[in-house]
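Below is one structure, written out as structure tokens, with a few remarks after it.
Rule-based calculations on the coordinates, nothing more; no lab input. From a predicted model like this one, the values you see are computed outputs, not experimental measurements. Because the Cβ atoms are built from the backbone with ideal geometry, glycine has one as well, and the counts that use them run over all protein chains shown.
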2 protein chains.
Amino acid sequence: MPARARHRDLRGDILDAADALLARYGYQKMTVDDVARQAGVAKATLYAHFPSKEAIALGTIDRMIDLLVAELRQIARSRGDATQRVERMLVFRILFLFDIAQKSAHTLDDIYAALRPQYKIHRDRYMQSEAEVFSEVVAEGQRAGAFRSGDPLEVARAFILATSTLTPFSLSVRELGEREAIKRQIRRIASLLIYGILRQEPP
Amino acid sequence: MPARARHRDLRGDILDAADALLARYGYQKMTVDDVARQAGVAKATLYAHFPSKEAIALGTIDRMIDLLVAELRQIARSRGDATQRVERMLVFRILFLFDIAQKSAHTLDDIYAALRPQYKIHRDRYMQSEAEVFSEVVAEGQRAGAFRSGDPLEVARAFILATSTLTPFSLSVRELGEREAIKRQIRRIASLLIYGILRQEPP
């Protein structure tokens, strides 16, 4: 399906252009014209894929979270016991978002402030996608008798909520501090949470 | 010391006036003149206590957190074992902030957006005050052999960070959702965290 393939490339090119412009200038200063020019597409073509500047910006975040979820899924389905995998997923999630935020200091804050109402809907969806991947591993740990029982999706949501203070979505990059400090904090919280679901006695 | 007492009343009156105006109109629309009028003090008197509108707004948050910390201290020093007290403190903290945010829908968001750099310094101080109270109970639980060892202040910080996603400081009131939903979420996270510090075996 070459038409379909070209369609997807254009979309990706537009998002790549937006990523670069957002990192360099921030959301407020970016214009749809800039994005079209940087992507090398006509403005009409751009509008065929994204109805507005808001949609472009949300598209870049959607793509970023899709990538995060794909990586989390890979860890979820890798070897090692469920405890180790949950720990790696929690740490990975925070550092992945931290590293992206580092590259574009103004982006997430700007977009957040400008798009808050629409962004909320997307964020709920991100939460759901991430929670589903975590819940697979939680359910597996429960079946293996390592974790206490409880709705796996609810446990997964609690894990995500309890670590989300460390994401660049709720704190600006400056406030987040050093990567090493973040890593220490996410490890500490992850270990508390994981101890929290371990069965007190071995099965 | 009557002079000192009057000084403190004036300060309180100004903050009361600011609380009312912030709740009704939000930070952006509030003026120093409004606050002075509402408090029934001359503008020069107001400026003797608070150098700017920013300082007044931060003053209202400072006072709110002082009250929160006083309440937390009371729970920390009440009866019951350390486990129960930590759980009550975690839930109380979130609902206290939720209830205040409910009363003044625009306030915290507005102030947050307007004062972000200064606010950060205050917020670090709030974190420290709250962590100190939590750490008292964590240390007590450790001495009683109920909690695993570890720097009590670090454990306290992790507890606060892991529940702060549910505060109106990181989410707007609309995004927070219903009080009952918040209560369920904070209880779930609190219980994971508390299981997380319990010793696996009784001492």
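Averaged across the residues of B:155-165, what count of C-beta atoms belonging to other chains lies within 10 Å of each residue's C-beta?
Working: counts 2, 0, 3, 11, 3, 1, 9, 14, 3, 7, 10.
If you average over the peptide's residues, the count of other-chain Cβ atoms is 6.
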Two-decimal log10 I(q)/I(0) for segment B:53-197, as the Debye equation yields it once each C-alpha is a single scatterer, q = 0.09, 0.11, 0.15, 0.21 Å⁻¹: -0.27, -0.41, -0.75, -1.33
Test item: Cα-centred dipole of segment A:31-119, Lys/Arg +1 and Asp/Glu -1 on Cβ, debye: 280 debye
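Would you mind giving the mean number of other chain beta-carbons within 10 Å of the Cβ of each residue in B:147-154, as a whole number? Mind dumping the intermediate values first?
Numbers: counts 0, 2, 0, 3, 1, 0, 0, 3.
Mean partner-chain Cβ count within 10 Å for B:147-154: 1.
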Cα-Cα over 30 Å, subset of A:29/B:120; A:120/B:183; A:183/B:53; A:43/A:120; B:29/B:120: A:183/B:53
Average beta-carbon neighbours from other chains, 10 Å sphere, peptide B:181-189: 3
